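Everything below concerns the one structure shown next.
Readers should treat all values here as calculations from the given coordinates under stated rules, not as data from a laboratory. Worth saying up front: this structure is predicted, and the values here are computed from it rather than measured. Virtual Cβ from ideal backbone geometry, glycine too; neighbours counted across all protein chains shown.
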Amino acid sequence: MSHVRIHNFSVSLDGFATGEGQSLEAPFGHAGTRLHEWFFGTRTFQEIIGEKGGETGVDDAVARTWDTGIGAEIMGRNKFGPQRGPWEDESWRGWWGPNPPFHTPVFVLTHHPRPSVEMEGGTTFHFIDATPQEALRQAREAAGGLDVRVGGGPSTVRAFLAADLIDHLHVAVVPILLGRGERLWDGLEAIEARFHTESVTTPSGVTHVTFTRAERPTD
């Protein structure tokens, strides 16, 4: 059975995974880019955007594992874009331009399905109204035996953790306080009992916490 993984998921010291007030101009609300500055400086990110350079330390070593062995992605609608409710503009194709970094089928969870969108580089966005279990079934079928990545945002990650569907979770705890936004951990008391946990703090001040399933459930 393929694994279900979450990588490079940043949270503030007070537990917020995104800021308040997402918009077209502010994808992460009032948080701006502060949760992700550690990632932007890595060689991994520079390669994603087609640039050279970037640091190659521990932050990069942890970040680099995000794409290995992934055959499909699941994300929430809020990660795909800022629109809410029925789609008023189906010309919106995500934040990432004509060649998104996923290069796999991507299943976008929404209560308002729309036709699939095929992008350059092998990414196709499929818009589905489905439970986490059904979304994972479809993603696994599309992944062809490879792993499935759950990309966020926080409400989607919480739903998959609450349903006990995650095998690997990497959280980057960033030393900032946001005060408001959307939290990651609400409703997930004692989740650490399901996982083996390791952590490392890097010179950037970020603490990378990795949760690896202690025992996989019987399917």
Exercise. For the chain, what class follows from the C-alpha gyration tensor (a ≥ b ≥ c being the square roots of its eigenvalues): rounded when a/c is under 1.5, otherwise prolate if a/b is larger than b/c, else oblate?
Worked result: rounded
Problem set entry | ³J(HN,Hα), Karplus 6.51/-1.76/1.60, whole Hz, each residue of segment 59-76, x for Gly, Pro | 4, 5, 4, 6, 5, 5, 6, 5, 10, 5, x, 8, x, 6, 10, 10, 9, x
Exercise. Residue by residue through segment 83-96, which ³J(HN,Hα) values in whole Hz follow from phi under the Karplus form 6.51 cos²θ - 1.76 cosθ + 1.60 (θ = phi - 60°), with glycine and proline marked x?
Worked result: 6, 10, x, x, 5, 8, 9, 7, 6, 5, 10, x, 7, 9
For this session: Extending each Cα 7 Å along its Cβ direction at residue 199 and residue 95, get the distance between those two points in nm, one decimal.
Result: 2.6 nm
Exercise. In sequence order, what are the phi-derived ³J(HN,Hα) couplings for segment 112-117 according to the Karplus relation 6.51 cos²θ - 1.76 cosθ + 1.60 with θ = phi - 60°, rounded to whole Hz, with x for glycine and proline?
Worked result: 10, x, 8, x, 5, 10
Exercise. Taking a label point 7 Å from the Cα of residue 120 along the Cα→Cβ vector, which residues of segment 37-53 have an amide N closer than 13 Å to it?
Worked result: 49-50
Exercise. Between residue 25 and residue 88, 0.36 nm times their residue separation minus their Cα-Cα distance comes to what?
Worked result: 20.9 nm
Seminar exercise, completed: In the chain the DSSP beta bridges are antiparallel at a rate, in percent to nearest 5, of 45 percent
